[in-house]
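Here is the structure we will look at, set down as structure tokens.
The values are calculated or read from the model by the stated rules, or taken from the named source; none is laboratory data. These figures come from a predicted structure and were not determined experimentally. Every residue, glycine among them, receives a Cβ derived from its backbone with ideal geometry; neighbour counts consider all protein chains shown. Remember, those area values only see protein heavy atoms, side chains included, never the ligands or the DNA or RNA. Shrake-Rupley method; radii C 1.70, N 1.55, O 1.52, S 1.80 Å.
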Amino acid sequence: MNDHVTYEVQDGVAVLTISHPPVNALSFSVRSGLLEAVERADADPTVRSVLIRAAGRTFPAGADVREFGKPRAKPILSTVVARIETLSKPVVAAVHGTALGGGFEIALGAHYRLAARSARFGLPEVGLGVLPGGGGTQRVPRLVGAGPALDLMLSGKPISAEKARELGLVDVLVDGDLEAEGLVFARNLAEKGDPPRPTRDRREGFADPAAYQAEITARRAKVAGSPIEAPRKIVDCVEAAMLLPFEAGIAMERAAFDDCENSDGARALRHAFFAERRAAKVPELEGASLREVNTIGVVGAGTMGTGIAVVCLDAGIPVTLVERDDAGLIRGVERIDAIYERSVAKGRIDAATRDARMGLLTGTTRMEDLDAVDLVIEAVFEEVSVKEAVFAQLDQVMKPGAILATNTSYLDINALAATISRPQDVVGYHFFSPANIMKLLEIVVADKTDPDVVATGFALARKLRKVPVRAGVTDGFIGNRILAAYRLAADFMLEDGATPAQIDAAMRDYGFPVGPYQVLDIAGLDISWARRKRLAATRNPAHRYVAIGDHLCERGWLGQKTGRGYYLYEAGSRVGTEDPEVLEIIAKERAAKGISPRDFSAEEIQARCLGAMANEGARLLEEGVALRPSDIDVVLLFGYGFPRWRGGPMMAADLRGLVTVESELKSWIKEAPEFWTPAPLWDELIKNGRHFSDLNGD
Ligand code: 3H9
């Protein structure tokens, strides 16, 4: 029919094969090819039934998200699905891989569904800020009722073919050759004279109208506070499925989809989807020859080292864990054991899997035992002299060509690499705590890092199920540089009149799970204190400095672990209350600087924190520390709790308008010129009518 849909008749069955690598997304050419093929099958007198299948790794994984937000070329997906459903001959879909979103909806347009046992079905649209727009909200409830339909649409999580069959979404599971079985099934339908079975005419899901409506009411209450519109529209559409005629329900779904598609939330979520995938594409991959990483050494069995060891063990990679002495090693191995115990207790893995993973772990106190490993991740105390000593030892024992990764958060990797004989093998792997849970991995490329070492890091990250982002060497890399700017903006407001609780509440309202001072109390105030002390020698005394955090640390108030930080914690409690003494310290600091406190609205708090983050992001781009704005967004989304539906600080600035953000930055310059002066990139983009997203490179 066209390059993406082929048509072939076998034994009276028209076989329509979708072929649009990599995931058979339903772009214009696939939709039009499919529609044409369906029309042809209808008109072809030799055809008695139809089989829709896909070539390659999967049945369509959804609409082509790259077409979203642009005028959609006809035929639209719901037209294609409707035409499949109203065909006068029985239509069978044979599903393998992941039938997601529009792909699942195509299968629902067919009259019968066969699935490979390994197939998965899902409606992940909500994760992109939209809802199923190819009839999914109307057809799925007809088959399974409101509860399971809303589970699929509101969670966005796929279900197994087995589960889909249990629910009645799939007719037959296939273990063998799916295409051959599909052909036999389609031919049998024709031979038996079975008529088409349009999903729109089915009513099984409406068998208990009261239960259906009760489910709608319960879910409506649950999604009432959603920051994006899509979940509420999903509930409305599923309610309409039972109450309205089919065509009216479809029209309602269409209108709801259009409303959501162009919302800021949906744009931000689409951005996040592509940004994550783009971040994995770095220049070093071009022509790289990957180094083999079959065994890994981890030096340091503290919280970070053990978390990293678990990440590697989970990927099936044997790990040699090194500590200075037996006691430390035993504590480390116990920590790893405890992580796996919890996973077993929570039912995430079974005991056999735990045993297998623990079986890949070797503990030692001898650095020499790392002589054969392919890569070492050093996770010792964050102190230059300690790291240098470990590096010197590793340089002695590691085999030539082995990779030496340091898990530092701040330190100068160029300087560290220069202390050993093989700087080309040195790279930074900045994991986030807890390493076995947080998805982000900053891969820090030093001046002499060999491109093969960088490329190997990205390949390894995929194996470790991490989201890698390339960063250059600077104090704090991408994430902690942005975090420092965020905190400084917050600290300025603290000094000028806001309280920690007001700032935290404003940032939670924006969508962060916790505010900046809550994070400080959780992480420990001493970490950022150490950084400030380290930078003290080079700090320009003319720059505005807020010493409130230092005063708390000097009193030994280091956050939750000491029961006191920016907030006060009752013994054993993780919920802080406002601490009058902290407010007093802040008031004293203001008085000492002659500041008369003023009020800050939540909007101003948000604008200042976000403006500071985006401005620091612009500096990181100018310095070449970050390759592209979307990489900065990925770091903040996956490592710092930035709300995904806001897209990250650079996307948020785009959505708010660069002119608006820049003029706000300018209006604050007099308060701290070194901090608030917009990076030159703002003017350059604005003058050319461009956005940060125009620098993402696709
Ligand atoms: C929808 O269907 C709406 C309808 O109801 C109504 C419409 C009116 N579009 O992730 P991978 C690209 S909404 C365009 O690395 P994996 C992806 O960018 C859609 N491109 O592979 C990447 O490109 P590149 C509902 C897409 O094996 C390449 O394919 N569907 C799409 O790790 C490989 O992807 C979804 O939300 C797409 N829909 O995972 C499913 N999907 O190589 C979204 C992928 O240039 N997709 N690409 O970087 C996924 O969840 C995963 O991609 C999947 C494969 C699980 C399928």
With all protein chains present, calculate the accessible area of residue 9 using a 1.4 Å probe and round the result to the nearest 10 Å². 60
What the Cα atoms of segment 144-250 span along the principal axes, largest first and in whole Å, is 50, 28, 22
For residue 228, the accessible surface traced by a 1.4 Å probe with all protein chains present amounts, in square angstrom to the nearest 10, to 20
Tell me, what is the percent relative contact order of the chain, built from C-alpha pairs under 8 Å that lie six or more residues apart? 9
Among 343, 231, 49, which residue has its Cα positioned farthest towards the positive end of the charge dipole of the chain, with +1 placed on the Cβ of Lys and Arg, -1 on the Cβ of Asp and Glu, and the dipole taken about the Cα centre? 49
Given the -39500 (n - 2.57) contribution per DSSP H run of 4+ residues, what per-residue ellipticity at 222 nm results for the chain, rounded to the nearest 500 deg cm²/dmol? -15000 deg cm²/dmol
I'd like to know which of 358, 106, 545 lies farthest towards the positive end of the charge dipole of the chain, counting +1 on Cβ of Lys and Arg and -1 on Cβ of Asp and Glu. 106
Each residue of segment 554-568 in order: what ³J(HN,Hα) in whole Hz does its phi give by Karplus 6.51 cos²θ - 1.76 cosθ + 1.60, θ = phi - 60°, with x for Gly and Pro? 4, 7, x, 8, 9, x, 3, 5, 10, x, 7, x, 6, 10, 9
For residue 385, placing the label point 7 angstrom along Cα-to-beta-carbon and taking segment 411-450, residues whose amide nitrogen sits under 20 Å are 411-413, 415-420
With +1 at each Lys and Arg Cβ and -1 at each Asp and Glu Cβ, the charge dipole magnitude of segment 21-168 around its Cα centre, to the nearest 20 debye, comes out at 160
Quick one: which residues, 5+ away or cross-chain, put their amide H under 5 Å from the amide H of residue 378? H built at 1.01 Å from N. 299, 405, 406, 407
Taking the square root of 5 times each eigenvalue of the Cα gyration tensor, what semi-axes in Å does the equivalent ellipsoid of segment 450-576 have, largest first? 30, 20, 15
Radius of gyration and Dmax over the Cα atoms of segment 536-616, both given in Å: 15.3, 42
Solvent-accessible area per residue, Å², over segment 349-388 with all protein chains present [probe radius 1.4 Å]: 49
Any lysines whose Cα falls less than 20 Å from that of residue 399, other than same-chain ones fewer than 8 residues away, would be 387, 448
In Å³ and rounded to a whole number, note down the convex hull volume per residue for the Cα atoms of segment 631-675. 87
Between residue 348 and residue 368, what is the FRET efficiency for a Förster distance of 41 Å, r being their Cβ-Cβ separation, to the nearest 0.05? 0.70
Please name whichever of 150, 559, 417 sits farthest to the positive end of the charge dipole of the chain, dipole taken about the Cα centre and charges placed at Cβ: Lys and Arg +1, Asp and Glu -1. 150
Expressed in nanometres to one decimal, the distance between label points 7 Å along Cα→Cβ at residue 294 and residue 439 is 3.2
Measure off 7 Å from each Cα along the Cα-to-Cβ vector at residue 331 and residue 358, then give the distance between these two points in nanometres to one decimal. 2.1
What is the distance, in nm, between label points placed 7 Å from the Cα along the Cα-to-Cβ direction at residue 392 and at residue 551? 4.2
Cut-off 14 Å between beta-carbons: net charge of the residues surrounding residue 563, Lys and Arg +1, Asp and Glu -1: 0
Taking Cα pairs under 8 Å and at least six residues apart, what relative contact order does segment 23-154 come out at, in percent? 24
For Cα pairs less than 8 Å apart in space and 6+ apart in sequence, what is the mean separation divided by the residue count of segment 17-95, i.e. the relative contact order in percent? 46
One point scatterer per Cα, no solvent, Debye formula: log10 I(q)/I(0) for the chain at q = 0.06 Å⁻¹ comes out as -0.43
Hydrodynamic radius (Kirkwood) for segment 542-697, which is based on Cα pairs only, to one decimal in Å: 17.9
What full-extension length gain, to one decimal in nm, is calculated for residue 220 and residue 667 as 0.36 nm per residue of separation minus the Cα-Cα distance? 156.7 nm
Count neighbours as other Cβ atoms within 10 Å of each site's Cβ, and list the trypsin sites (Lys or Arg not before Pro) in segment 330-398 that are DSSP loop with at most 14 such neighbours. 346, 348, 366
Radius ratio Rg over Rh of segment 293-415, counting only Cα atoms, Kirkwood formula for Rh: 0.98
Expected unfolding gain across residue 532-residue 399 under the 0.36 nm per residue rule, minus the alpha-carbon gap, is 44.1 nm
Under 5 Å between amide hydrogens, which residues at least 5 positions from residue 51 or on another chain qualify, with H placed 1.01 Å from N in the peptide plane? 14, 15, 16, 92
Can you compute the FRET efficiency between residue 191 and residue 6 using 1/(1 + (r/R0)^6), with r the Cβ-Cβ distance and R0 = 30 Å? Round to the nearest 0.05. 0.75
Ordering 495, 589 from largest to smallest accessible area (1.4 angstrom probe), what's the sequence? 589, 495
Förster-model FRET efficiency, 35 Å R0, residue 465 and residue 55, C-beta, rounded to 0.05: 0.80
Which value, in debye to the nearest 20, gives the size of the charge dipole of the chain about its Cα centre, when Lys and Arg are +1 and Asp and Glu are -1 at the Cβ? 880
